Amino acid sequence: MTIQDVAKKYAVAVSPTIRALIDANDPADPIARQFLPDMAELTVMPEELRDPIADEAHAPVKGIVHRHADRVLLKAVNACPVYCRFCFRREMVGPGKGGLAASELAEALAYIRGHTEIWEVILTGGDPFILSPRRMRQITDALAETGHVKIVRWHSRVPVVEPERVTEELASSLIAPGVTAWVAIHANHPRELSGNARAAIARLAKAGVNLVSQTVLLKGVNDDVETLASLMRAFVEAGIKPYYLHHPDLARGTSHFRVSIEDGLALTRALRANISGLAQPLYVLDLPGGFGKVPLESQNVVKTERGHRIRDFAGGWHDYPPLHPV
């Protein structure tokens, strides 16, 4: 097996911005670890899954994931400007995986129009910020015209990995009367918030977009309190409210990134003791099987001899496996 076998199995792309952030003299560089393929990705653990949070089981039409009554995911594209090595959708995104054809996007929007309980639409993928501003404007306007969708949230790596895409035109395409725009910006290490990234983020804020963060807790990237504290403070300084700190999902070939729940809880306790309340993310696990996110600092999590028992938002209990040594 060679590194080419990793590239055959999972998409690989690294933007010029990210290449410039990689320290070639550091064999443990946390930026390189996130984006450059690794032979460890060919090791699959028994508990790892192709679709860890069961998107496909909750897809009434192509491009829609309707797991919670008042909100849906709209997956308009299946490509990204970079491919994170820990991605939980790594087997569903990449060249040739395709986005939504015009007719499929129309069907997805018709589904949203027909379900008046939907209050929030979350654009994800793939990375929806690779769409043209014209297409983003069409989607924003179509959602605003439903009358019942009030929140449109876009999840993106682009402001960090390809900040030049975030033009004033793109930022304004997220704004429409009747809906409030939010962007969840994904970054995992403080070095990702470069000067150009901060300028892109400022363009979004100037247009009237509300900003929150998403971070995945990753072994060898940010699994120490100093790095996490620096990242969360950097978010706040850039006008981004820390939102989710994700426990890594059980995606195939990602065991070398996972930390234990116990270590994650210790880190979040240390964060709580050392940084401002403004900089505190919510540490969550997206339960395998599509049962939703669970805050791990809660009575919904019980340690057992075989890992953990975790209670979902509907009251059901689920076994979660222990961390395998890597």
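Readers should treat all values here as calculations from the given coordinates under stated rules, not as data from a laboratory. As the structure is a computational prediction, the values presented were derived from the model and not from experiment. Every residue, glycine as well, gets a Cβ built from its backbone with ideal geometry; the counts of neighbours run over all protein chains shown.
Things to note:
- The stretch between Asp5 and Thr304 holds 103.9 nm of extra length on full extension. This uses 0.36 nm per residue minus the Cα-Cα distance.
- Segment 3-320 - percent relative contact order, Cα under 8 Å, separation 6 or more: 17 percent
- Restraint check, Lys150/Lys219; Lys8/Lys62; Lys75/Lys150; Lys9/Lys75, Cα-Cα greater than 27 Å: Lys150/Lys219
- In plain terms, the residue of Trp182, Trp119 with the fewest other Cβ atoms within 10 Å comes first and the most crowded comes last, giving Trp119, Trp182.
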